[in-house]
Amino acid sequence: MLELRDLARRYGDVVALDGVSFTVGAGQMFGFVGPNGAGKTTAMRIILGVLAADRGEVLFEGRPVTFERRTRFGYMPEERGLYPKMRVRDQLVYLARLHGMDAAAAGRAADTWIERLGLTDRAGDRVEALSLGNQQRVQLAAALVHDPELLVLDEPFSGLDPVGVDVLSAVLADYAATGVPVVFSSHQLELVERLCEAVAIIKDGRLVASGAVEELRDRGADHRRVRVEVAADDAWVPPGAEVVSRDGRGIVLALLDPTTPDAVLDAARAAGSVTHFSLERPTLTDLFREAVAA
Amino acid sequence: MSRRGAASQAPGGGVNGTVGLVAKRELRERTREKSFLISTGINVAIIVAVIVLAAVLDSDGTTYKVAGDRAVVEAAAQAAEGTDVKVLPVSVDDVRAALEDGSIDAAIQDGRIVSKDKPPDDLVALLQAGNLTQGKPPPPLQVSTVEPVDEDADAKAGYTFFIVLILYGQLLTYGYWVSAGVVEEKASRVVEVVLSTIRPAQLLAGKVIGLGLLGLGNLLLIFGIGLGVAKATGALDIDGAVLGAAALALAWFVVGYAFYACAFACAGALVSRQEDLQSTMTPLTVMILVSFFLAFAVRDNPDGTLAHITAFIPMTAPLTVPPRIVTGDIPAWEIVASLVVTVGAAALLIPIAARIYAGGILRTGSALKLRDAWRAARA
């Protein structure tokens, strides 16, 4: 379990993080979202010890993270980084060894990930000779090669094609399933909603919301909005409601005061057979927009 | 989490293990680069060419002007026919003055060969042969010189030149590589991955040690091949003095490199792109260049004030002290003191460099100021 407690960091006069706390459970896929410049990268760098916090602490399995513990973390920085002239396998073995693996184990781990990520034909090539997509795979392998106890990835999905997104999603989900917390940041909110059990939303260095995705959506459920599927045209819609969107099967109504959901349901039933009636839950995207606009 | 077997291993393989890994990578990747192999090959080729050329030129078409006892000189000139050396009999009014200004190489006077410095061996042999042809069995010619003889003066001048040149080249080349290596890691952003598992000081130490070992190996190769070729062509007798000079050059490379490499690492850590490196590296390259010229000034006046002062400045000592050791113009205490000062300065510089390096290494954008990097490394 990873826990951030009241992390703060400033760069000169710029406040990058201002008291951020959240918890990531074992085996949890955790999405870290926020607008550009919100402090996501700063927080991740602090977790990895690349950057020092001005205040607050990072705990792993209940204890403050030491330098030795950090060597067991895996990290993919936002700005991808590999030795451009180093060969793929050499590079992975080197990084695994820097993380404390012995030569034999590092070699085995490098081979495993090279095969898993479909890089077998490229194992002896210099990284600079690979396509961007393949470089991205090597970068992922570099974060995973030492079998980390915590995985932190900064925008791992950016720049990937849909197939690459699927491959990466599957690898991360499998890895989390082994009991490892997986934290990643992303701007692709639908993806985060689909992959993550829990999220943290930050803005201007402060936590806006964090917790299980479903709970956040329930909590944010807007009782002023209902979705109705009814076998009738829109003439039944009472004057106290407005159609905000529609799809093939139904419509979403925004309720104006003092119209209640009950009144809308009554009107719909009077018009025809109601096959669906629900209070609309906001998507992660809706929550994000709302949080960021506030 | 039992599947995480590696967790039970010593993390990072210990501090020394980590530095060793970094150093090994530097060595391995460098020596696998074509450009490195080519430049090393070119260096060796130049040295071989210089030695072979020197050996060829040395015995090719030299003309010695000799005054004095006409009969002996003409006999020597005859003896020289068919060899690639000529002896030219000349007449001068003042033998001593002519020797001083170099208009003659030697003179035969009162049964002696007179010359300014030690006369060339082939000339002496020819004059002795000429003397033997003079009917009566004469005593062999004695050699006397205008200036006191230093048997090895030429050889020593050669060594010092060579040593200063090579030390200069190695310090500059390997210093640059340290800078360039640091910038490569910054520019490619790989440093963030590396520093998530090792400390900046470990990365710095590994890089400096790895490249230093490479420089030392490179010097050993150059000396080995150079001395081998010199011996094969007869340009040099390999004796204790020569090996001593070579060992000295190696030792001062280590000391000088320790000092400069840390400074070059800082120069690299302050910038984010290779294009900006020149600006932070220039003070260091100028320092080395100035030391290079000072070394020649010191060679010409090895007991002067300049010689004594520069021996105690860590930036200059690695280049100005070795020539004086070769010519024997430096007392032992001064060698030791100079080493202590330079090594001490390097030891002081290492933690400072480590801090500047740590402060600068993750900053991107325009070149950093030293002070900003120092402050950035507050934790």
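All of the numbers you see were taken from the coordinates with simple rules; none came from a lab. Being a predicted model, the structure only gives us computed values, none of them experimental. Quick reminder, even Gly has a Cβ in these numbers, built from the backbone with ideal geometry, and neighbours come from all protein chains shown.
Quick look at the values:
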read-out	value
Over region A:2-218, equivalent-ellipsoid semi-axes from the Cα gyration tensor in Å	28, 19, 16
Cα-projected label distance for B:ASP300 with B:PHE161, points at 7 Å along beta-carbon direction, nm	1.4
Using a Förster distance of 60 Å, the FRET efficiency for B:THR173-B:LEU132 (Cβ separation, nearest 0.05)	0.65
Per-residue mean of C-beta atoms belonging to partner chains within 10 Å, peptide A:64-77	4
Local net charge near B:THR320, Cβ-Cβ under 13 Å (Lys/Arg +1, Asp/Glu -1)	-2
Cβ-Cβ FRET estimate between B:LEU348 and B:LEU289, R0 fixed at 22 Å, reported to 0.05	0.40
Chain B: radius of gyration and largest Cα-Cα distance (Dmax), Å	27.9, 104
Point-to-point label distance, A:GLU79-B:VAL143, nm (Cα→Cβ direction, 7 Å offset)	6.6
Cα gyration tensor shape for region B:60-145, rounded if a/c is under 1.5, else prolate or oblate	oblate
Placed amide H near A:LYS203: partners under 5 Å, 5+ positions off or other chain	A:VAL208
Local net charge near B:THR310, Cβ-Cβ under 12 Å (Lys/Arg +1, Asp/Glu -1)	+1
Förster-model FRET efficiency, 35 Å R0, B:GLU100 and B:VAL50, C-beta, rounded to 0.05	0.70
Value of [θ]222 nm, deg cm²/dmol, for the protein assembly as shown, DSSP H segments ≥ 4, -39500 (n - 2.57) each, nearest 500	-17500 deg cm²/dmol
Region A:12-83: trypsin sites (Lys or Arg not before Pro) in DSSP loop, at most 13 other beta carbons within 10 Å	none
Label-reachable residues, region B:192-225, where backbone N falls under 18 Å from a point 7 Å from B:ILE238's Cα toward its Cβ	B:217-225
Distance (nanometres) between label positions extended 7 Å along Cα→Cβ at A:LEU256 and A:THR120	6.6
Residues listed by number, region A:261-294, amide nitrogen under 14 Å from A:ALA231 label point at 7 Å toward C-beta	A:269-276
10 Å Cβ neighbours from other chains, averaged over peptide B:91-98	0
Stretchable slack from B:ILE38 to B:ASP110, in nm (0.36 nm times residue separation minus alpha-carbon distance)	20.1 nm
Label-zone membership for region B:246-264, site B:VAL341, 7 angstrom Cα→C-beta point, backbone N under 14 Å	none
10 Å Cβ shell holding at most 16 others, DSSP loop, trypsin sites (Lys or Arg not before Pro): longest site-free stretch of chain B	B:33-272
Of B:LYS207/B:LYS369; B:LYS34/B:LYS369; B:LYS86/B:LYS231; B:LYS86/B:LYS118; B:LYS34/B:LYS207, pairs whose Cα-Cα distance is over 29 Å	B:LYS34/B:LYS369
Inter-centroid distance (Cα atoms) of region B:201-257 relative to region A:134-209, Å	50
Additional length obtainable on full extension of the chain from B:TRP333 to B:LYS369, 0.36 nm per residue less Cα span	9.1 nm
Cβ neighbours within 10 Å from other chains - mean over B:181-190	4
